[in-house]
Each structure stands twice: as C-alpha cells, then as structure tokens.
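The values are calculated or read from the model by the stated rules, or taken from the named source; none is laboratory data. Just so it is clear, the structure is predicted and the values come from calculations on it, not from any experiment. Cβ placement follows ideal geometry from the backbone for every residue including glycine, while neighbour counts extend to all protein chains displayed.
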Amino acid sequence: MALVKKVKLSESYFGQVVIGPPGSGKTTYCSKISTFYRDKLNRQVEVINLDPANDNMDYKPKIDIMNLITVEEAMEAYKLGPNGALMYCMEYLEANFDWLLKQLSEVKGSYLVFDMPGQVELYTHHNSIKNIFSLLGKMSYHLCAVHLVDSHHCSDATKFISTLLLSLSTMLQVQLPHVNVLSKADLLKKNPSKLDFSLDFYTNVLDLQYLLDVLDDGPFTKKFKKLNKAIVGIIEDYSLVAFLPLDINSDSSILNVKSATDKACGYIYGSGEERSIQALLSCAVGARTETERYDMDYI
C-alpha cells in the first residue's frame, strides 16, 4: 500500500460502479453508455474492467483486472470453484490496490465506468469491493453504484421481493451513492399483461401491501404469510429502494439514467456537453407524437 501514501490527488474524478447479478446486462450497459457519452455527449469516458471472468467484452477497457489475475488462474492455483475463485480475485485486488491506483493515475480527465463481477455475495456480505471503493473515495474519486437487475423479475411477485431485498442489502453494504436500474425495460413494454400492476408500482416501489396480497394468494407462498409480511415490512421501513427503467436502445431512457448517476456522484458537465443534451432532448420531443410520448414515458 506504499503507493497509496505517496500519491496525492489534486483533482476530483467521477464515475460509476456497475454492479448486478449475472445476466442483468452490465457489460452491454458499460459498452453502450461509454459509446453514447463519447459520441453524443462529447464526454471523455473510459471503461475499467474489474471482472476477472469477463471474456465477452465488446469494448476495449482502459484498465483490465485480467492483466493482474483471472478466475481461471485462481481456480487452477488454489483448487477453488468459480465462486470461491472470484472472491479470491477481489481479495487479491484489494491486497494489490497499488496496482489499481497506478493504473488509475494514468487516466486523466476521464469519466470512469467500472464493469464489475456479477456474483451477488460480493455486494451483500463480502468486504473487498466495499473496501476498494472506500479507499478510492478518500482519494477524490466521486463514484456512484449503478445496480442493474433484470426487469423480468417484475413479472413474478416472489422474484420481485427477492430483487428488493438484494437491492436493499447491496445499498447498505457497498456504501456508495446508489442508483437502482431495471434493465431490459423494453420487454415490459412489449409484454404488459405479464405484470400484476403498472410499471410505476415497480419503479417507485409503491404500497407493498398489494404485493403482499399477491404473495399470500400464491400456492407456494400463502403458507409463509408472517414471513412475507416481515420481509415487506423491512423494505418499507428503510424506504430506500426505487428503480429507474432502462431500455438500452433508447436515447431518452439512457439520458434519464445518466441524469440520476450524474446527480448521485456530483458530476457537473461542461457547456459543450450541456448543449449536446439539450439538442438530444429537443430532437426527441419535436419528433414524438402523443402516442410516442406515452411510450417513451412508459420506458
């Protein structure tokens, strides 16, 4: 950790830490927003891969943990399974924080997007990731967590409750400003009949008593009424969880998430970027019919 003591950062750095379960669309999100920020917002941005098992990147990372360690190397060296090896890799990165700091010190003036592993244990009770970003926070790195969850969980009350608990636990453990995102929200728009309630119910996490009624009517959950009520009570007591829907192919949807993440990490964009945003919004509003406005607002 010698480098930590020697390096003094005079500038502030901003970015987002993209987390979420496997299959939630983290790598696609990182690739899409980095391109969107560069091409349409004129924002200098770099993607940093901290997933040691990420072999399907469709972007070129500025920093790649796989140059330091991979899951396969940890599995082979210590006879670990995939989950144990992934935890070991994060602990190894924490122990070699100097390596990460040296790599970051060479990235100047860019907005940072960290592509993270998908193992949920890393964000619910394991401390390495929390410790790594806590150290960066003390060194003028202003970061927020973007927690992606697949929107198909909204179609099942039990899955949605699990999603709420996961999001709440992650928010409390990671200890970063937090933006929860329902990815693949365009699928909800195409299949509204699969939802018990309107999309607003799931994004704003409204009165969960209605969700409790659905749980209590289910053949496999009605016998757990007291447990269901206690779980719902925990979520309501904290009043922290809400979601932004994201259609990764919609500029308007990406802008909504961008606004939330910029606010969460305290990022203030320059006049050139502000003009780009205004132009995008003007084009979107000018080209939309009433039906299209409803559709976009739904997403």
Unmet requirement for Val214, which otherwise passes all of (1) surrounded by 15 or more Cβ atoms within 10 Å (Cβ to Cβ); (2) at pLDDT 90 or above: (2)
Selection within segment 72-100 - more than 17 Å from His126 (Cα to Cα) and surrounded by 19 or more Cβ atoms within 10 Å (Cβ to Cβ): Ala74, Leu100
Selected residue (criterion: modelled with the lowest pLDDT) from residues of segment 249-297 that are out of contact with any strand residue (DSSP E or B) (no Cβ under 6 Å at 6 or more places or on another chain) and part of a loop (DSSP other than H, G, I, E, B): Thr289
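Every residue in segment 221-248 that is outside any helix (DSSP H, G or I) and either under 29 Å from Ile277 (Cα atoms) or free of Cβ contacts under 8 Å to residues at least 60 places away in the same chain (or both), please.
Of everything in segment 221-248, those that are outside any helix (DSSP H, G or I) and either under 29 Å from Ile277 (Cα atoms) or free of Cβ contacts under 8 Å to residues at least 60 places away in the same chain (or both) turn out to be Ser239, Leu240, Val241, Ala242, Phe243, Leu244, Pro245, Leu246, Asp247, Ile248.
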Residue tally, condition assigned to a helix (DSSP H, G or I) and closer than 15 Å to Ala157 by Cβ, over segment 189-198: 1
Residue match in segment 168-181 (condition: at pLDDT 85 or above, buried (at least 19 other Cβ atoms within 10 Å of the Cβ) and more than 20 Å from Lys26 (Cβ to Cβ)): no
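Per-residue answers, yes or no, for (1) over 23 Å from Ser167 (Cβ atoms); (2) at pLDDT 95 or above; (3) of a type in the set (D, E, K, R):
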position	(1), (2), (3)
Val4	yes, no, no
Val17	no, yes, no
Gly23	no, no, no
Lys26	no, yes, yes
Per-region count, segment 102-129, residues assigned to a helix (DSSP H, G or I) and crowded, with 19+ Cβ neighbours inside 10 Å: 4
Residue match in segment 148-155 (condition: part of a helix (DSSP H, G or I) and of a type in the set (A, V, I, L, M, F, W, C)): yes
Residue within segment 193-208 that is under 30 Å from Leu112 (Cα atoms) and in contact with a strand residue (DSSP E or B) (Cβ under 8 Å, 6 or more places away or on another chain) present: yes
Condition met for Leu165 (surrounded by fewer than 20 Cβ atoms within 10 Å (Cβ to Cβ), farther than 19 Å from Ala264 by Cβ, under 19 Å from the mean Cα position of the chain (by Cα) and at pLDDT 90 or above): yes
Every pair of residues 6+ apart whose Cβ atoms lie under 7 Å, when the first sits in segment 53-74 and is in a loop (DSSP other than H, G, I, E, B) while the second is small (Gly, Ala, Ser): Asp58/Ser31; Tyr59/Ser31; Tyr59/Ser34
Any chance Ser151 is among the small types (Gly, Ala, Ser) and surrounded by 16 or more Cβ atoms within 10 Å (Cβ to Cβ): yes
